[in-house]
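Shown next, in structure tokens, is the structure this report addresses.
The values are calculated or read from the model by the stated rules, or taken from the named source; none is laboratory data. This structure is a prediction, so every number in the text was calculated from the model and none was measured. As a convention, Cβ positions derive from the backbone with ideal geometry for all residues, glycine included, and neighbour counts pool all protein chains shown.
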Amino acid sequence: MKWLNKVQLIGYLGKDPDIQILPTGFYFATLYVATNSGYTNENKKRITSWHRVRIWGKKPQYIRDLFIKGSHVMVDGQIVYKTFLDKDGKKCSVAEIKADKLLNLDR
């Protein structure tokens, strides 16, 4: 295999999904998934990482009905890096997960 861009996350939704419909009729949902590592910081607390996840093409009602804040979810997809200029003209980069599959592990 020459290359692979694959991400799998299991975590919890930090808030309800944000569903948007574009003027073109395409829709997408943005979710924020929290994962904990096995490492602790100096105060002996688990370190939480937050991941922005986008899923395209799923019906908004499906996302609204099955995924709410606190849902235990599995995300399968790929990592995408985006760069942009902030309001001060400074170049910024963010990473997000482009989800191919989203499962609710609570059900």
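Quick look at the numbers
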read-out: Candidate set: the range 1-31, residues that are among the small types (Gly, Ala, Ser) and modelled with pLDDT of 90 or more; chosen: the one nearest to Met74 (Cα to Cα); value: Gly11
read-out: Residue in the range 54-71 that is without any contact (Cβ under 8 Å) to a residue 12 or more places away in the chain, outside any loop (DSSP other than H, G, I, E, B) and β-branched (Val, Ile, Thr) present; value: no
read-out: Per-region count, the range 1-53, residues under 25 Å from Ile68 (Cα atoms) and touching a residue at least 40 places away in the same chain (Cβ under 8 Å); value: 18
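The rows are residues; the columns are (1) modelled with pLDDT under 90; (2) touching an Asp or Glu at 6+ places or on another chain (Cβ under 6 Å); (3) not hydrophobic (A, V, I, L, M, F, W, C).
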residue	(1), (2), (3)
Val33	no, no, no
Tyr39	yes, no, yes
His51	no, no, yes
Asp100	no, yes, yes
